[in-house]
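> First the structure, which I've put down as structure tokens, then a few questions once you've had a look.
The values are calculated or read from the model by the stated rules, or taken from the named source; none is laboratory data. Computed from a predicted model, the values in this text were never measured in an experiment. Here the Cβ is made from the backbone with ideal geometry for all residues, glycine too, and neighbour counts use every protein chain on show.
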Amino acid sequence: MPDWVIVRPPLHIHSDLGLDPGETEAISLALELSIPAIVIDEKRGRLAAEKCGISAVGTLNILEAAHFHGFLNFGDAVARLRRTNFHMDDALIDALIAKIRARKGA
């Protein structure tokens, strides 16, 4: 991992969220550190984060933004992501690709 990455568990776990341990710890740490946004992809996790007042941003949203800022090609990034164990909704991918195409045409 890069030197700038700090890995630390939260001091208090919000076990009442009803989520997987990783999502629970991520939301708990965000609450503890007053972090306004979190990267979380599972729908239940996103809803729980938002219920706690934390904006939830998904991986695909980050890739879309990175594409628009010229950091990567969305289609290439999605193709690489498909070769992993990351699960994606094809309808969501199609909608994002249509959004990208429409924005390019504008």
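> Please determine whether any residue of the stretch 27-37 is within 12 Å of the chain's Cα centre (by Cα) and either assigned by TED's automatic domain parsing to the domain that holds Arg82 or within 24 Å of Arg82 (Cα to Cα) (or both).
no
> Another question about this same structure. Considering Glu50, Glu64, Glu42, which residue is of a type outside the set (Phe, Trp, Tyr) and either more than 30 Å from Arg103 (Cβ to Cβ) or surrounded by fewer than 15 Cβ atoms within 10 Å (Cβ to Cβ) (or both)?
Glu50
> I would also like to ask the following. So, Ala56, is that one buried (at least 18 other Cβ atoms within 10 Å of the Cβ) and touching a residue at least 24 places away in the same chain (Cβ under 8 Å) or not?
For Ala56, the condition - buried (at least 18 other Cβ atoms within 10 Å of the Cβ) and touching a residue at least 24 places away in the same chain (Cβ under 8 Å) - is not met.
Let's see how each residue does on (1) closer than 23 Å to Met88 by Cα; (2) in a loop (DSSP other than H, G, I, E, B); (3) touching a Leu at 6+ places or on another chain (Cβ under 7 Å); (4) charged (D, E, K, R):
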| site | (1), (2), (3), (4) |
| --- | --- |
| Asp3 | no, yes, no, yes |
| Ile6 | no, yes, no, no |
| Thr24 | yes, no, yes, no |
| Ile38 | yes, no, no, no |
| Gly45 | yes, no, yes, no |
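> Identify the single condition in (1) outside the structural domain of Ile97 (by TED's automatic domain parsing); (2) over 16 Å from the mean Cα position of the chain (by Cα); (3) touching a residue at least 24 places away in the same chain (Cβ under 8 Å) that Phe68 does not satisfy, given that it satisfies every other one.
Tallying (1) outside the structural domain of Ile97 (by TED's automatic domain parsing); (2) over 16 Å from the mean Cα position of the chain (by Cα); (3) touching a residue at least 24 places away in the same chain (Cβ under 8 Å), Phe68 fails exactly one: (1).
> Could you list all residues from the stretch 81-100 that are loosely packed, with under 11 Cβ neighbours inside 10 Å and not in a loop (DSSP other than H, G, I, E, B)?
Asp90, Ala91, Asp94, Ala98
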